[in-house]
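One structure is given here, and the rest of the page talks about it.
The values are calculated or read from the model by the stated rules, or taken from the named source; none is laboratory data. In this text the structure is predicted, and so the values were computed from the model without any measurement. Quick reminder, even Gly has a Cβ in these numbers, built from the backbone with ideal geometry, and neighbours come from all protein chains shown. With ligands, DNA and RNA removed, areas are computed over all heavy atoms of the protein, side chains included. Shrake-Rupley method; radii C 1.70, N 1.55, O 1.52, S 1.80 Å.
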Amino acid sequence: MENLGDLMQGYWEQFLEFSPLLIVGLLIIAVSIFLAIWISASVFKSLNKRMDDPLLVHFLSRLIKGFLIVIGLFLALQLMGFGGIAAGLLASAGLSAFVIGFALKDIIENFLAGIILSFDRPFNLNDTININNLLGNVTSLDFRTTKIKTFDGKDIYIPNATILKQSLTNYTRDGLARLEFIASFNYGDDINRAKILITETLLGFNEVLKENPPYVVTDEFTADTINLRIFFWTRTFDYKKEINLLKGKTVSVIQEVLQAEGFEKVRIKNL
């Protein structure tokens, strides 16, 4: 009994010696949790104003919070003299990360690409993009894929890494779009007069930009025709419907004007 009492007394004295470190370690963990929650909330608010992807904003804020808590835990373990445990956890985590990372290489690559796309922002939601000859409106940016809806109603999921590595065309980033078409005239037609009529007709449309006015150039001489190429600008974020409607309207009116002015055999083709 005396030996047991001495043993318990020794444990108690060791606990009293260790208790300051324990208290400081617990304080470090508590402070790290508080800071993690506060910093992640601040990051969430900041990213939520800059990004249009709530899912990714939530994930990034949770990732930051978890990372800070883990850092606080390892610091506390190191201070309390459990450096061996901390080192073992790190080694185990490193080996696990290597194995998992190798097995899930494509998933991790696409996830990281999604983060880069969220910050770099080559497109926003509802932008019209073309990637690998896939044309459509962006509907979402997820962890692994970017979803676009084509103009014939198909939902296409493109790996984020593919978008990051390939050339991407954004048709509606600034709302400006240039339209063009070809008008074919017979030899003997007054081409200069036709150019003036086309330009004046286009300027009569409210949708055609006046600060960047339309222009007409002689494009090609074929065996039977002289081809003019007509360019004009409009402002729209609806690349498909509004553009097609405007193309159809301008071509129809220009055809009528030219025929009324004596260019009876003019042929106009959309591009």
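Filtered by the rule that a residue be under 30 Å from Thr169 (Cα atoms), of a type in the set (D, E, K, R) and out of contact with any Gly (no Cβ under 7 Å at 6 or more places or on another chain), segment 233-268 gives Asp238, Lys240, Lys241, Glu242, Lys247, Lys249.
In segment 192-213, the residues that are among the polar types (S, T, N, Q) reach residues that are crowded, with 16+ Cβ neighbours inside 10 Å and not in a helix (DSSP H, G or I) with C-beta atoms within less than 8 angstrom, at least six apart or across chains, in these pairs: Thr199/Pro214; Thr199/Val216; Asn212/Trp233. When segment 210-225 is limited to residues that are surrounded by 14 or more Cβ atoms within 10 Å (Cβ to Cβ) and at pLDDT below 90, the one that is farthest from Asp238 (Cα to Cα) turns out to be Thr225. Note on segment 179-212: residues that are in contact with a strand residue (DSSP E or B) (Cβ under 8 Å, 6 or more places away or on another chain) and closer than 18 Å to Lys249 by Cβ total 11.
A quick yes/no check of all residues on (1) modelled with pLDDT of 85 or more; (2) crowded, with 20+ Cβ neighbours inside 10 Å; (3) among the polar types (S, T, N, Q):
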| position | (1), (2), (3) |
| --- | --- |
| Pro122 | no, no, no |
| Asn133 | yes, no, yes |
| Gly136 | yes, yes, no |
| Ala161 | yes, yes, no |
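Taken together, Leu202, Leu245, Leu197, Leu228 contain a single residue that is among the hydrophobic types (A, V, I, L, M, F, W, C), open to solvent by less than 20 Å² (accessible area, probe 1.4 Å) and in a helix (DSSP H, G or I), which is Leu202. Collect the residues in segment 138-156 that are surrounded by 15 or more Cβ atoms within 10 Å (Cβ to Cβ) and among the acidic types (Asp, Glu), keeping them in residue-number order. Scanning segment 138-156 gives a single hit, Asp142.
Of the set (1) within 16 Å of Pro122 (Cβ to Cβ); (2) charged (D, E, K, R); (3) at pLDDT 90 or above, all apply to Asp174 but (3).
Summed over segment 111-157, residues that are assigned to a helix (DSSP H, G or I) and within 18 Å of Ser167 (Cβ to Cβ) total 4.
Conditions (1) modelled with pLDDT under 75; (2) surrounded by fewer than 17 Cβ atoms within 10 Å (Cβ to Cβ); (3) hydrophobic (A, V, I, L, M, F, W, C), marked per residue:
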| site | (1), (2), (3) |
| --- | --- |
| Ile39 | no, yes, yes |
| Asn48 | yes, yes, no |
| Leu56 | yes, no, yes |
| Leu68 | no, no, yes |
| Gly81 | yes, yes, no |
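The single condition from (1) out of contact with any strand residue (DSSP E or B) (no Cβ under 9 Å at 6 or more places or on another chain); (2) on the phi < 0 side of the Ramachandran plot that Asn133 fails is (2). The set of residues in segment 164-194 that are more than 20 Å from the chain's Cα centre (by Cα), aromatic (Phe, Trp, Tyr) and surrounded by 14 or more Cβ atoms within 10 Å (Cβ to Cβ) comprises Phe181, Phe185.
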